Amino acid sequence: MKRILEEFEKAKRIVVTAHVNPDGDCIGAGLALFSALNNLNSKLEKEERKVIRFILQDTAPKNTSFLEHFLLIEKYENIDTKYDFDLMFIVDCGDFDRIGEVKNLVKDGTKIINIDHHESNNNYGDISYVDKKISSTSELIFNILKELNLEINIEMGEAIYTGILNDTGNFSYTNVSKDTFRVASELREIGVNNEKIIKEFYDKKTKERLRMLGYAMSNFEFYEDKKLTYVFIPHSVYENYGASREDSEGVVEALRSFEKTEVALFLREESNGLIKGSMRSNGIDVNKIASNFGGGGHIKASGFTTDKKPEEVLKIVLNLL
Ligand SMILES: [Mn+2]
């Protein structure tokens, strides 16, 4: 942690980033870190102040837009790529390549700090701070800020709380430890309103999102011998409902909720024809299965992108189970 501060002090231009198709944990951890760095920056003499930006390849999910500084998150396509950063913080990203096009901002001499909790993390970067047991990168960021004696205000607390909710399925998965509850309790103490965050982050669903869930729930299949629940959503269905990628968030969790399921597999076709896979399990190592397609994640939750046909992906997964 001392080295993280040292790198911050040395750097002039800093970028915070996270994985493509960002989720609540990326945004929560990223915004909390971004705010902490900005707070540190504001204490410096004017001429010593740094440039700090939060840049992602893809648009942040709408249901995180209630978080403070959400509007300061920038999209890679709007960035001048000649811009030189000397320090990059990568949060919630198991693999360096998963930051997508943002990696073009890395130049000779750009230091990389990897802060993450994915099972598949390979400790890339000049400094890697990876805790594979912790619930979320947001919980990890909380610990880092605490350890460094940096202030955590309500807005940062809300971001962290959102990230924890995202990765623990509202405190329902096995990755919730007593420390996760302790962090939640400390956040509650500084004034984080859990009811408000649940409402904003979980309960407000667009019509498109409910329609996509309806489609998935009407069309899933169950492979009894392997206890696999599966659905594929072609791109045309997204077009029919005017839905975007984030409108099918929650589909894979709903698949897993079928009482007989051991493994849930959700495949969706992207506009470029590639297949994006998400897996959830009740214990079977789906990180390993996803790695067969060049993806990864956690033991019970993983993802991948592939140019294989959906039927082919399904066949491979069934064979691996
Ligand atoms: Mn995460």
Query - Karplus-derived 3J(HN,Hα), 6.51/-1.76/1.60, for each residue of region 138-153, Hz, glycine and proline x - result: 4, 5, 5, 4, 4, 4, 5, 4, 4, 4, 8, 6, 9, 5, 10, 8
Requested in this report: Excluding residues on the same chain fewer than 8 positions from Lys276, give the aspartates and glutamates whose Cα lies under 16 Å from its Cα.
Outcome: Asp23, Asp58, Asp97, Glu246, Asp247, Glu249, Glu253, Asp307, Glu311, Glu312
Report summary line: Placing one equal point scatterer on each C-alpha of region 231-316 and summing with Debye, one gets log10 I(q)/I(0) at q = 0.14, 0.24, 0.25 Å⁻¹ equal to -0.45, -1.23, -1.30
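Give Lys2/Lys46; Lys199/Lys309; Lys132/Lys199; Lys46/Lys178 a once-over and call out the pairs whose C-alpha atoms are over 32 Å from each other.
Distance filter (> 32 Å) returns Lys199/Lys309; Lys46/Lys178.
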Query raised in the report: With Cβ to Cβ distances under 14 Å as the rule, what net charge do the other residues near Leu267 carry (K, R +1; D, E -1)?
Result: +1
Report summary line: Judged on accessible area alone, 1.4 Å probe, highest first, Arg256, Arg211, Arg268 line up as Arg211, Arg256, Arg268
Report task. Mind checking the per residue accessible area of the chain for me, 1.4 Å probe, whole number of Å²? Result -> 47
Query raised in the report: Using heavy-atom solvent-accessible surface (probe 1.4 Å) with all chains present, what is the largest-first order of Leu165, Leu320?
Result: Leu320, Leu165
Query - Share of pairwise Cα separations in region 2-203, more than 30 Å, in percent - result: 14
Query raised in the report: For region 2-203, what's the relative contact order in percent, using C-alpha pairs closer than 8 Å and at least 6 residues apart?
Result: 24
**Report entry** Candidate lysines for bridging to Lys107, where Cα separation is under 22 Å - those fewer than 8 sequence places away on the same chain excluded
**Finding:** Lys10, Lys12, Lys50, Lys75, Lys82
Query raised in the report: For region 207-320, what relative contact order do you get, as a whole percent, if you take Cα pairs closer than 8 Å and at least 6 residues apart?
Result: 20
Query raised in the report: In terms of modelled amide H atoms, which long-range or inter-chain residues lie less than 5 Å from the amide H of Glu74?
Result: Phe54, Ile55, Leu56
Query raised in the report: Using alpha carbons only, how many degrees (0 to 90, rounded to 10) separate the axis of helix 154-168 from the longest principal axis of the chain?
Result: 30
Query - Accessible-area composition of region 85-208, carbon plus sulfur, in percent [1.4 Å probe] - result: 44
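Grab the other residues whose beta carbon is less than 15 angstrom from that of Asn41, score K and R as +1, D and E as -1, and report the net.
Details: positive: Lys10, Lys12, Arg13, Lys43, Lys46, Arg49, Lys50, Arg53; negative: Glu7, Glu9, Glu45, Glu47, Glu48, Asp86, Glu151.
Every neighbour counted, the sum reads +1.
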Query - Listed residues His235, His118 arranged by accessible area, highest first, probe 1.4 Å - result: His235, His118
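The values are calculated or read from the model by the stated rules, or taken from the named source; none is laboratory data. Here the structure is a predicted model, which is why all the values come from computation and not from measurement. Heads up, the Cβs are rebuilt from the backbone with ideal geometry, glycines too, and the neighbour counts pull from every protein chain shown. When the accessible area is computed, the model is the full protein with side chains, heavy atoms only, and any ligands, DNA or RNA have been set aside. Shrake-Rupley method; radii C 1.70, N 1.55, O 1.52, S 1.80 Å.
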